[in-house]
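Note sheet for the following structure.
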Number of protein chains: 2
Amino acid sequence: MQIGVIGAGSIGLLYACYLSIYHQVTIYTRRKDQARQINSKGIQLIKSGVQSTYKVTAKVLDDGLDHEDLIIVTVKEYHLDRVLNTTNQFRNVNALLFLQNGMKHISLFEKLNNEVILVGVVEHGALKINDYTVNHTGVGITKICSFRNGEGVIQSFQKGQHSDFGVLVAEDWYKVLSEKLIVNAVINPLTALYCVENGDLLSNRFFLSRMKNLFIEVTSVMNVNTTNMWERLEHICIQTQNNRSSMLRDIESGRQTEIDAILGYIIAEADKMGKSVPVSTFLYDSIKGKELQRGDSSCHS
Amino acid sequence: MQIGVIGAGSIGLLYACYLSIYHQVTIYTRRKDQARQINSKGIQLIKSGVQSTYKVTAKVLDDGLDHEDLIIVTVKEYHLDRVLNTTNQFRNVNALLFLQNGMKHISLFEKLNNEVILVGVVEHGALKINDYTVNHTGVGITKICSFRNGEGVIQSFQKGQHSDFGVLVAEDWYKVLSEKLIVNAVINPLTALYCVENGDLLSNRFFLSRMKNLFIEVTSVMNVNTTNMWERLEHICIQTQNNRSSMLRDIESGRQTEIDAILGYIIAEADKMGKSVPVSTFLYDSIKGKELQRGDSSCHS
């Protein structure tokens, strides 16, 4: 397949590397300089301390898209509007795969006329080192679901699979995205507000109590079967006990967080249902407020 | 009058100094060493950079109380049980004045047989420098109310008043304590959780939104007229805009906070009324959790 990857952050760089083994990949960047560096140095992938070079073509998104069989959009949710609106070229793309966290982006799909739309959930750990280097810190999988006429593209996409980069096809996109959303909605805002590692949410009995309470509130808004969901959350906190969540790291670095895509979505859904979600609302404003402080109120362990 | 001051923290030291100008004062400490130091060096009061010595007798509380016309209890609410229970001697005291923050201590009064009980609210800024030195950082007043037969004692107590240490007598103890409680319940937990100065609660629109919401929740539980209360809160935040609240400083220093006396009281009152106070409950556990982390998740500006 001819695959275009939009966005050259940690996930974009990671996907471009692994997909380039079996497919023809072009990575589309926002900045000219980044495209230039990737074209001259290739993408450097670090895995368990070993660095390998992947020769991938890089282009600047504003210069237009080549013909691609599939476009994978890896930018953060809060950049989606800009990416989709500034480039009319997306109209002519046949198939789009969206890999954003949260579920706010789903509402955009109604406005897209593309024939095939896929959504995916990324369960890899990846850390961008510089404009052309990414560290694959945690091997996971990608869960892919068809949102609209996606079956054929999924079949082609699945053909080549690297053992460190498995693809799982799931039927129910709402279920897959909801489950990831619930995990993100519970772990990320609490760890970011408390300035603690994921494991502290379980080991500190007061934080655990708030985590349970938030879990109940968040799941009450989602239309999914929550059997074993709490156990899964506990399991994730244990597995990642010494990790600082992405939202905590965003706050610590004075970056924008994904709170809109995550708790913003929960609050909007609750609004539609006429439900009150006081803790989600409190946490949403708390994280937005911490973003505004830009490091003035950051935390250090 | 013969006045005994229990507790030699910042407030105890401050009161002992000013009261010793017009009254015979003994300060009762927990530690022998502190009593010894105060007896040998006097209490050093720093006011606008000028240091003065006040000769005050210090004794160890466990050695027993002298005959006093009035005992002023200045220890934190969370030490009240220990102070009142370990010393049977309180039974023979005629008049007691309690200066704790919050309102949790009010429920203890039913068990006390003392003839006169007073409650007070301290509006001074004071910083303990060491065991015998206190800095009077903000001149305010003390509001005193009779809880039980206090009128006569208040008259004698009022006779000598230093201009930097005024005493205001108020009728309605519930009103006076409630108003201070509402201020503490709104400003302290939010600043401690967000790691921000008091003024940031107004200047950051997301924090302001949460502050308003918490104000509505807290006042819904209190049986007081809240006219102008919000304006008063805003005024306090402006006046103290560069201050770090006592609860924030407690968290930063890994000390116990007064959250039980403040939001713990609000939650208990809400329980009695069958009301749900989700934000207060969230904040209560959040601060208790931060206490447990003991600096692991502290914040630095």
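Other protein chain C-beta atoms within 10 Å of residue C-beta, averaged over A:285-294: 6.
The figure for A:Cys237 is an accessible area of roughly 0 square angstrom, using a 1.4 Å probe on the protein chains alone. For region A:13-103, a simple Cβ point-charge model (Lys and Arg +1, Asp and Glu -1, everything else neutral) yields a dipole of about 340 debye relative to the Cα centre. Using a probe of 1.4 Å, the accessible surface attributed to B:Val122 totals some 20 Å² when neighbouring protein chains are kept in position. Taken along its three principal axes, the alpha carbon spread of region A:177-217 comes to 28, 18, 14 Å, from the longest extent down to the shortest. Over all Cα atoms in the protein assembly as shown, the spread is summed up by Rg and Dmax: 30.5, 95 Å. Straight-line reach from B:Lys175: taking Cα to Cα under 16 Å and skipping same-chain neighbours fewer than 8 places apart, the aspartates and glutamates in range are B:Glu123, B:Glu269. Evaluating 6.51 cos²θ - 1.76 cosθ + 1.60 at θ = phi - 60° for every residue in region B:222-231, the Karplus couplings come out as 8, 8, 10, 6, 9, 4, 6, 5, 5, 4 Hz, glycine and proline recorded as x. The alpha carbon centroids of region B:27-66 and region B:135-157 are separated by 21 Å. Extent of region B:5-150 along its three principal axes (Cα atoms, max minus min coordinate, largest first): 43, 32, 28 Å.
Summed for both chains, how many Å² of accessible area, to the nearest 100, are buried between B and A with a 1.4 Å probe? Rounded to the nearest hundred, the buried surface is 2600 Å².
With all protein chains present, calculate the accessible area of B:Lys128 using a 1.4 Å probe and round the result to the nearest 10 Å². Near enough 80 Å² of accessible area.
Going down the list A:Lys59/A:Lys290; A:Lys180/A:Lys288; B:Lys47/B:Lys180, which pairs span over 30 Å between their C-alpha atoms? Flagged as over cut-off: A:Lys59/A:Lys290. Of all beta bridges that DSSP places with both ends in the protein assembly as shown, some 40 percent have antiparallel geometry. A straight Cα-to-Cα reach below 19 Å connects A:Lys159 with the lysines A:Lys143, residues fewer than 8 places away in its own chain not being considered. The phi-based Karplus calculation (6.51 cos²θ - 1.76 cosθ + 1.60; θ = phi - 60°) puts the 3J(HN,Hα) values of region B:67-83 at 6, 10, 6, 8, 10, 9, 9, 10, 5, 4, 3, 6, 9, 4, 3, 4, 5 Hz, whole numbers, x for Gly and Pro. With its label point defined 7 Å out from Cα along the Cα-to-Cβ axis, A:Gln2 lies at 10.0 nm from the matching points of the other copies, in increasing order.
Across identical copies of the chain, B:Gln239 has label-point separations of 5.4 nm, listed in ascending order, with the point defined 7 angstrom from Cα along Cα→Cβ. Between B:Phe147 and B:Ile117, B:Leu118, B:Val119, the built amide H atoms are under 5 Å apart, and every one of these is 5 or more places off in sequence or on another chain. Accessible-area rank, largest first, for B:His124, B:His162, B:His105: B:His162, B:His124, B:His105, with all protein chains present and a 1.4 angstrom probe. Across peptide B:268-278, the average count of Cβ atoms from other chains found within 10 Å of a residue's Cβ is 1.
Rg and Dmax, both from the Cα atoms of chain A and both in Å, are 19.1, 54. What fraction of the Cα pairs in region A:24-81, stated in percent, has a spacing above 15 angstrom? So the pairs more than 15 Å apart make up 58 percent of the total in region A:24-81. Whole-percent P(r), region B:58-134, all Cα pairs, 5 Å bins from 0: 3, 13, 24, 26, 19, 12, 3, 0.
Just add up the charged neighbours of B:Val121: K/R +1, D/E -1, any other residue whose Cβ is under 14 Å from the Cβ of B:Val121. So the environment of B:Val121 carries a net charge of -2.
Quick check: the distance between the Cα centres of region A:196-224 and region B:162-191, to the nearest angstrom? Between the Cα centres of region A:196-224 and region B:162-191 lies a distance of 35 Å.
Across peptide B:193-200, the mean count of Cβ atoms from other chains lying within 10 Å of each residue's own Cβ comes to 4. Listed by chain and number, the aspartates and glutamates whose C-alpha is less than 17 Å from the C-alpha of A:Lys111, apart from same-chain residues fewer than 8 away, are A:Glu77, A:Asp81. Calculated translational diffusion coefficient of region A:116-239 (37 °C, 0.692 mPa s; Stokes-Einstein with Kirkwood radius over alpha-carbon pairs) equals 200 µm²/s.
Radius of gyration (Cα atoms) of region A:131-175, expressed as a multiple of 2.2 N^0.38 Å: 1.37. The other copies place their A:Lys159 label points at 10.2 nm from this one, listed shortest first, where each point is 7 Å from Cα along Cα→Cβ.
Solvent-accessible area of chain B (1.4 angstrom probe, protein heavy atoms only): carbon and sulfur portion equals 45 percent. Only helical runs count toward this figure. For chain B, summing -39,500 (n - 2.57) over DSSP H runs of n ≥ 4 and dividing by all residues gives -12500 deg cm²/dmol at 222 nm.
Largest mean-square fluctuation among A:Leu201, A:Leu112, A:Leu233, in a Gaussian network model of chain A whose springs join Cα atoms under 10 Å apart, belongs to A:Leu112. In angstrom, the C-alpha Rg and Dmax of region A:213-301 are 14.5, 41. Cα centroid separation, region B:87-119 to region A:234-273: 47 Å.
The values are calculated or read from the model by the stated rules, or taken from the named source; none is laboratory data. Quick caveat: nothing in here was measured; it's all calculated off a predicted structure. Glycine gets a Cβ as well: all are built from the backbone with ideal geometry, and neighbour counts include every protein chain shown. For accessibility, only protein heavy atoms count, side chains too; no ligands or nucleic acids. Shrake-Rupley method; radii C 1.70, N 1.55, O 1.52, S 1.80 Å.
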